[in-house]
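Participant: Following this message is one structure expressed as structure tokens.
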Amino acid sequence: MNSINELKWDELNHSYQPSDFSFRNTDEVQSISELLEQEDAIERIRQGLQIESRNYNLYVCGAHNDYMEKVVIDEVKKKACQKECPMAFGYIYNFNMPEQPLIVALKAIDARQLQEDLEEFRTFILNDIPILLEEDEVKQRQETLIEEFEKLTEKYFMDIAEKAERYNVQIKKTNEGIRFAPLNEKGEGLTKEVFLKMPQIEQEAILEKISQLQDYTDEIMIFLERKEDEYLRLYSEVREEVVLKEIGKNIKKLKETYKDYSCLQNYFNSIAEDFLEHLELFASMSGEEDEQQENRKEIHVINQEVQRIVRHYDINFLNIPKELGVPIINDRDYVQLDLMGKILLDIENNTVQSDFLHIRPGMMNLANGGYLILHIEDLIEKKSRWQHLKSVLKTGKMYIEGTEEIGIALTTPLKPEPVPIQVKVILIGDYATYELLKNYDEDFKKLFKMRVAFDETIDINIQKVEHIAGNIKKRLIEENIKPLSVEGLLHILTYGCRKMEHPTKISSDLEWMIDLLREAQLYAKEQIGKEEIEKCLRERERYERKAKEQLDESLQDGTYLIDTKGSKIGQINGLAVYSIGDLSFGRPLRITATTYRGKSGIVDIENEAKLSGSIHTKGIHIITGFLGNQFAQEIPLSLNCNICFEQSYVGVDGDSASSAELYAILSSLAETPIYQNIAVTGSVNQFGEIQPVGGINEKIEGFYQVCKQRGLTGSEGVMIPQNNVKELMLASEVVEAVRNKTFHIYAIKDIWEGVEIMMDENRERVKARIVEKLIRFNK
């Protein structure tokens, strides 16, 4: 073995020790709320919020987490409370075109007052006017008119009676009106027989008197009918005068109160005109139950119609901001609310209808004049949302859609006047979506000119560990969780670094830490230490560990063929990482290669079986390039070569095994055996340079566990890329084995260094054997 490439035990775990810190647990550090390494992002947010120009909306991207969102909201709140309260927007009835409600804008304090005043106005109409119409003064004036008319009627009927008496004529009231009949000297009615026996001249005289009396009576009746209409009008005018007087006072008061709003002046004038148009109806209202059923039904119909009309004397506010600062709307707080608002439908008498009071606000309305925080993944679920948002930002106007969008057509569809919108939108999303929108949506670049990038990782050093401890302490106090020891903190940081596959970087989303501590405190007494963290992690992995144990059983009983002793031609132990839930672990897999005469080149059995991905296929082509560059400068590269991942029946992708595949090919061509006690990982390029791979710690520990189960002999080890050394954070057990020389780790830069380790042969001799075989293949 080449000891020059072997790593020492102190190169295998780049981590801090508890003695490097002055505190023993989080109780001994200061609570800190500021996030690490996000100063540039925070300053960028402040700049974006400071710019008031249109289209300076923000796109905030990074590792999406609660802390990042909290920072955004906190900065927005600081700015929002410094700004003046925006206007409130509401819809009023359009008396000229009811299907096109009008938008009005008021100061928030006036909007609240107007709501109350209009409610009071409508209540007055519906409740107070019927009471006023039943007051004694109104009834007295109406009764006076009735008495006057009755006296007038009585006077004229007495005139008719006196004249009939002088003419010796009897008055008869019939269904056809007043009729007359002659009387005899005794005052008794003449029968027809008696009348006909009278002389002709007397008959004519009687008929002439009756005719004159009838004409006079008809004139009187016509006169009284006219008088009756006049008195009825006066009777109604008494009620109308009361109504008009009271409504006039209310309208005047409203106009004086809101004299600064010309739009409301026009609206109040329209209410007055509409009221005059329906004055007779309003004067017909009654607040008492009539004894007769017919009247009761008529009153009910009248009151219903009044209520329908009075609905028009209302205002439908879409937003009334708080009087301090401007609104901040977060879409996660309004999951049931549409972005752009909607129009509700009402079914009455089997008819679908809607009006200005059925218009409902969306998040855009609630945020008008302030800030709207949207999450890009929710926004682009429906293309129409994104298009509507862009339209509003470009035009500054928002159209609340009618019912066509849901496939219902109304006879007179509602087309509300557009709402003026002034809002700063803050999109929260990821880098990938930002790049897609920037490259493929021309509007996006114009509308979201401020990009805020939160760092997704934190670089760890001693000062930052103490800062993280302060962040954690704040959360522990908030959630009443036991303190965390420095040993426990370092163990968590090591776990985080392993997840990031970097010894000095963890995710900037610290929520994963808090989740771990919430669970670990279940096992803690006074504080959370390393043991509690380890136990928590074991519990998390308990259910996923079953698959790992089954694989280990297959390796132990020989079902899964892996050699860890001896050497073989064309066979090598590669390394793979398996991920099941939160559990990631490495295990070896056998890779074999056979070479023989032919011109097919390298055949990837995994690809032929449709079990490999594009990156793995690319790795095979890179191997072909390496072989051609190394051995086909003077002779054609004529060979058949088959490569196989033995006992692999699932998809394979990635190029981390490409160096192992190349070693197996070189071994087969050189007819030189490969040590089976050393596993290999690393990708290779066309010039034979070994490139870093992921999951390096899991892979090393995985092969160590297999060798340990079979019994370590002191010769086992793993060969890794040199560029992966900086990422090593191996378990203490593996470090100790390397320290005791029972396990070995080799770091290489190129393929030929690996050849000398894996085949224990000089590279030039191996090359010569390969050339010799390739020449034979070409004969």
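Participant: For residues in the range 414-431 being over 23 Å from the mean Cα position of the chain (by Cα) and either modelled with pLDDT under 80 or buried (at least 21 other Cβ atoms within 10 Å of the Cβ) (or both), which is nearest to G362 (Cα to Cα)?
Facilitator: Among those residues, the one meeting the criterion is P416.
Participant: Hey, can you tell me all the residues within the range 4-32 that are acidic (D, E), over 24 Å from V738 (Cα atoms) and over 42 Å from the mean Cα position of the chain (by Cα)?
Facilitator: D20
Participant: Between residues in the range 735-760 that are closer than 15 Å to E701 by Cα and touching a residue at least 60 places away in the same chain (Cβ under 8 Å) and residues that are assigned to a loop (DSSP other than H, G, I, E, B) and open to solvent by 10 Å² or more (accessible area, probe 1.4 Å), which pairs lie under 6 Å by C-beta distance while being six or more apart or on different chains?
Facilitator: What qualifies is I745/L7.
Participant: Just wondering, is there one or more residues in the range 54-73 that are within 28 Å of M729 (Cα to Cα) and open to solvent by 70 Å² or more (accessible area, probe 1.4 Å)?
Facilitator: Yes.
Participant: Let me ask another. Does the range 137-184 hold any residues that are aliphatic (A, V, I, L, M), part of a strand (DSSP E or B) and either farther than 20 Å from L207 by Cα or open to solvent by 40 Å² or more (accessible area, probe 1.4 Å) (or both), and which are they?
Facilitator: I171 - this is the single residue of the range 137-184 that is aliphatic (A, V, I, L, M), part of a strand (DSSP E or B) and either farther than 20 Å from L207 by Cα or open to solvent by 40 Å² or more (accessible area, probe 1.4 Å) (or both).
Participant: Now for a separate question. Of these, Q17, Q50, Q82, Q100, which one is in contact with an Asp or Glu (Cβ under 8 Å, 6 or more places away or on another chain) and open to solvent by 50 Å² or more (accessible area, probe 1.4 Å)? Steps first, please.
Facilitator: Values: Q17 fails: in contact with an Asp or Glu (Cβ under 8 Å, 6 or more places away or on another chain); Q50 fails: in contact with an Asp or Glu (Cβ under 8 Å, 6 or more places away or on another chain); Q82 fails: in contact with an Asp or Glu (Cβ under 8 Å, 6 or more places away or on another chain).
Answer to the selection: Q100.
Participant: Here is a follow-up. Give me the pairs, please: first residue somewhere in the range 165-183 and without any contact (Cβ under 8 Å) to a residue 60 or more places away in the chain and over 11 Å from Q214 (Cα atoms), second residue anywhere and open to solvent by 70 Å² or more (accessible area, probe 1.4 Å) and not in a strand (DSSP E or B), beta-carbon distance under 6 Å, and either six or more positions apart or on two chains.
Facilitator: Listed by first residue and then by second, the contacts come to Y167/K209.
Participant: On to the next question. Which residue is modelled with the lowest pLDDT, if the candidates are limited to the range 455-477 and must be under 14 Å from Q30 (Cα atoms) and open to solvent by 50 Å² or more (accessible area, probe 1.4 Å)? Explain how you work it out, then say what you get.
Facilitator: Restricting attention to the range 455-477, the residues satisfying the condition of being under 14 Å from Q30 (Cα atoms) are 463-477.
In the following step, the residues that additionally are open to solvent by 50 Å² or more (accessible area, probe 1.4 Å) were identified as 463, 466, 474, 477.
On the way: Q463: 84, E466: 88, K474: 89, I477: 91.
Among residues in the range 455-477 that are under 14 Å from Q30 (Cα atoms) and open to solvent by 50 Å² or more (accessible area, probe 1.4 Å), the one modelled with the lowest pLDDT is Q463.
Participant: Evaluate the following for Y596: is it free of Cβ contacts under 8 Å to residues at least 40 places away in the same chain and either buried (at least 19 other Cβ atoms within 10 Å of the Cβ) or in contact with a strand residue (DSSP E or B) (Cβ under 7 Å, 6 or more places away or on another chain) (or both)?
Facilitator: Working: free of Cβ contacts under 8 Å to residues at least 40 places away in the same chain: no; either buried (at least 19 other Cβ atoms within 10 Å of the Cβ) or in contact with a strand residue (DSSP E or B) (Cβ under 7 Å, 6 or more places away or on another chain) (or both): yes.
No.
Participant: Looking at the range 618-634, is at least one residue assigned to a strand (DSSP E or B) and among the aliphatic types (A, V, I, L, M)?
Facilitator: First, the residues of the range 618-634 that are assigned to a strand (DSSP E or B): none.
There is no residue in the range 618-634 that is assigned to a strand (DSSP E or B) and among the aliphatic types (A, V, I, L, M).
Participant: Take K255 and decide whether it is open to solvent by 50 Å² or more (accessible area, probe 1.4 Å) and under 60 Å from the mean Cα position of the chain (by Cα).
Facilitator: Details: open to solvent by 50 Å² or more (accessible area, probe 1.4 Å): yes; under 60 Å from the mean Cα position of the chain (by Cα): yes.
Criteria met by K255.
Participant: Does E6 satisfy being at pLDDT 85 or above, crowded, with 16+ Cβ neighbours inside 10 Å and among the charged types (D, E, K, R)?
Facilitator: Numbers: at pLDDT 85 or above: yes; crowded, with 16+ Cβ neighbours inside 10 Å: yes; among the charged types (D, E, K, R): yes.
Spelling it out, E6 is indeed at pLDDT 85 or above, crowded, with 16+ Cβ neighbours inside 10 Å and among the charged types (D, E, K, R).
Participant: Another question, if that's okay. Any residue that is more than 30 Å from E501 (Cβ to Cβ) and touching an Asp or Glu at 6+ places or on another chain (Cβ under 9 Å) - is there at least one of those in the range 633-645?
Facilitator: Taking the range 633-645 and keeping what is more than 30 Å from E501 (Cβ to Cβ), we get 633-642.
Filter once more, so that each one left must be touching an Asp or Glu at 6+ places or on another chain (Cβ under 9 Å): 642.
Yes, the conditions are met somewhere in the range 633-645.
Participant: Which number in (1) under 13 Å from the mean Cα position of the chain (by Cα); (2) crowded, with 16+ Cβ neighbours inside 10 Å; (3) not aromatic (F, W, Y) marks the one condition that G369 misses?
Facilitator: (1)
Participant: Could you count how many residues in the range 478-504 are open to solvent by 40 Å² or more (accessible area, probe 1.4 Å) and under 29 Å from E435 (Cβ atoms)?
Facilitator: Of the residues in the range 478-504, 6 are open to solvent by 40 Å² or more (accessible area, probe 1.4 Å) and under 29 Å from E435 (Cβ atoms).
Participant: State whether one or more residues within the range 35-47 are farther than 22 Å from E478 by Cβ, in a helix (DSSP H, G or I), open to solvent by less than 20 Å² (accessible area, probe 1.4 Å) and modelled with pLDDT under 90.
Facilitator: Yes; the residues of the range 35-47 include at least one that is farther than 22 Å from E478 by Cβ, in a helix (DSSP H, G or I), open to solvent by less than 20 Å² (accessible area, probe 1.4 Å) and modelled with pLDDT under 90.
Participant: Let me ask something else. Mind checking whether some residue in the range 124-136 is over 30 Å from A272 (Cβ atoms), β-branched (V, I, T) and assigned to a helix (DSSP H, G or I)?
Facilitator: If we filter the range 124-136 for residues that are over 30 Å from A272 (Cβ atoms), which is where we start, we get none.
No, there is no match, as no residue in the range 124-136 is over 30 Å from A272 (Cβ atoms), β-branched (V, I, T) and assigned to a helix (DSSP H, G or I).
Participant: Identify the single condition in (1) open to solvent by 20 Å² or more (accessible area, probe 1.4 Å); (2) within 27 Å of Y16 (Cα to Cα) that E753 does not satisfy, given that it satisfies every other one.
Facilitator: (2)
Participant: Same structure again: In the range 423-516, which strands (runs of 3 or more DSSP E) lie fully inside it and hold 3 or more residues that are closer than 22 Å to I696 by Cα?
Facilitator: On the way: elements: 424-429, 450-453, 457-459, 505-507.
So the answer is 457-459, 505-507.
Participant: For the range 745-762, which positions are charged (D, E, K, R) and part of a helix (DSSP H, G or I)? Spell out the reasoning first.
Facilitator: Here is the first cut: in the range 745-762, the residues charged (D, E, K, R) are 749-750, 753, 756, 760-761.
Those that are charged (D, E, K, R) and part of a helix (DSSP H, G or I): E753, E756.
Participant: To continue, here is another question. So which helices (runs of 4 or more DSSP H) stay within the range 265-378 end to end and still have 1 or more residues that are at pLDDT below 85? Don't jump to the end; show me each part of the working.
Facilitator: On the way: elements: 279-283, 293-310, 363-366.
Result: 279-283, 293-310.
The values are calculated or read from the model by the stated rules, or taken from the named source; none is laboratory data. All values reported here derive from a predicted model rather than from experimental measurement. Cβ atoms come from the backbone with ideal geometry, glycine included; neighbour counts cover every protein chain shown. The accessibility values were calculated without ligands, DNA or RNA, using every heavy atom of the protein model including side chains. Shrake-Rupley method; radii C 1.70, N 1.55, O 1.52, S 1.80 Å.
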